[in-house]
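The values are calculated or read from the model by the stated rules, or taken from the named source; none is laboratory data. None of the values given here were measured: they were computed from a predicted structure. All Cβ positions, even for glycine, are placed from backbone atoms using ideal geometry, and neighbour counts span all protein chains on display. Accessible surface is based on the protein model in full, side chains and every heavy atom, while ligands, DNA and RNA are left aside. Shrake-Rupley method; radii C 1.70, N 1.55, O 1.52, S 1.80 Å.
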Amino acid sequence: GESVGLHLPTLSVQEGDNSIINCAYSNSASDYFIWYKQESGKGPQFIIDIRSNMDKRQGQRVTVLLNKTVKHLSLQIAATQPGDSAVYFCADYHSGYSTLTFGKGTMLLVSP
Amino acid sequence: DAGVIQSPRHEVTEMGQEVTLRCKPISGHDYLFWYRQTMMRGLELLIYFNNNVPIDDSGMPEDRFSAKMPNASFSTLKIQPSEPRDSAVYFCASTTGWERDTGELFFGEGSRLTVL
């Protein structure tokens, strides 16, 4: 299938900073883009998603931006906390496949 | 709900042995997915079921891998014979389907397999 990739493998920030995790995708026909968080020893957990006809969506302390022109997706985390330390995956969904394709992941390290 | 339940959480076996991983999806979810996670390849979809029927098994590495879903509350992923390169974390996930307008899959805690 199409690939979903990430620019940075590791992002280190200080507690209280804002974090931005980026993702490039290749399938322009994807219907949804989704961010998952995976803590050590656990399964991925849904954070937020965005439909392909939107360019921004906000959740609690998180914002996802979608730029379809350059096929770029980002996850912004406000006031990053140590509990945000995890691996973050972007994924895309296409209704024709009924599955998610995951990127390789970015590790976010938050220092107190 | 208890979430997606996988067993065993950890398995260490020797090359050539049969391995069976088990999954109980969230009640009412009609899609079930098996993913494999390794450092080198990330999260890879192996197979998924809809209403207990396998829909796409193109991600299954080879004939040594098989998956079944005999009923709505249980699925197995079997590797026979196992090889060291099968060492990975295997995740099961379920969802009600994409009609709810969300891309959310519910993942289990995973089964960490080590083949010596």
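Some points to look at:
- Of the residues making up the stretch B:18-30, those that are surrounded by 14 or more Cβ atoms within 10 Å (Cβ to Cβ) and either within 14 Å of another protein chain (Cβ to nearest Cβ) or not β-branched (V, I, T) (or both) number 8.
- Residues that are away from chain B (no Cβ under 11 Å) and not β-branched (V, I, T) within the stretch A:19-36 comprise A:S19, A:N22, A:C23, A:A24, A:Y25, A:S26, A:N27, A:S28, A:A29, listed in sequence order.
- Within the stretch B:44-116, strands (runs of 3 or more DSSP E) holding 2 or more residues that are open to solvent by 30 Å² or more (accessible area, probe 1.4 Å): B:53-56, B:65-71, B:74-79, B:111-115
- Of all residues making up the stretch A:3-30, the number that are assigned to a loop (DSSP other than H, G, I, E, B), within 22 Å of B:F107 (Cα to Cα) and at pLDDT below 85: 1
- Which numbered condition B:C92 misses (of (1) in contact with a helix residue (DSSP H, G or I) (Cβ under 7 Å, 6 or more places away or on another chain); (2) within 9 Å of chain A (Cβ to nearest Cβ); (3) not hydroxyl-bearing (S, T, Y)): (1)
- Among the residues of the stretch B:31-43, none is identified as modelled with pLDDT of 95 or more and either open to solvent by 100 Å² or more (accessible area, probe 1.4 Å) or in a loop (DSSP other than H, G, I, E, B) (or both).
- Candidate set: the stretch A:57-112, residues that are modelled with pLDDT under 90 and of a type in the set (V, I, T); chosen: the one most open to solvent (accessible area, probe 1.4 Å): A:T101
- Residue within the stretch A:40-56 that is more than 13 Å from chain B (Cβ to nearest Cβ) and not small (G, A, S) present: yes
- For the stretch A:31-56, filtered to residues that are free of Cβ contacts under 8 Å to residues at least 24 places away in the same chain and assigned to a loop (DSSP other than H, G, I, E, B), the residue that is surrounded by the fewest Cβ atoms within 10 Å (Cβ to Cβ) is A:N53.
- Scan of the stretch B:8-17 for residues that are polar (S, T, N, Q) and either open to solvent by 50 Å² or more (accessible area, probe 1.4 Å) or under 17 Å from A:P44 (Cβ atoms) (or both), ordered by number: B:Q17
- Test: residue in the stretch B:31-41 that is in contact with a strand residue (DSSP E or B) (Cβ under 9 Å, 6 or more places away or on another chain) and more than 24 Å from A:K37 (Cβ to Cβ): no
- Residue match in the stretch A:43-61 (condition: under 27 Å from B:P25 (Cβ atoms) and of a type in the set (D, E)): yes
- Residues in the stretch B:52-69 that are of a type in the set (K, R) and within 12 Å of chain A (Cβ to nearest Cβ): 0 in all.
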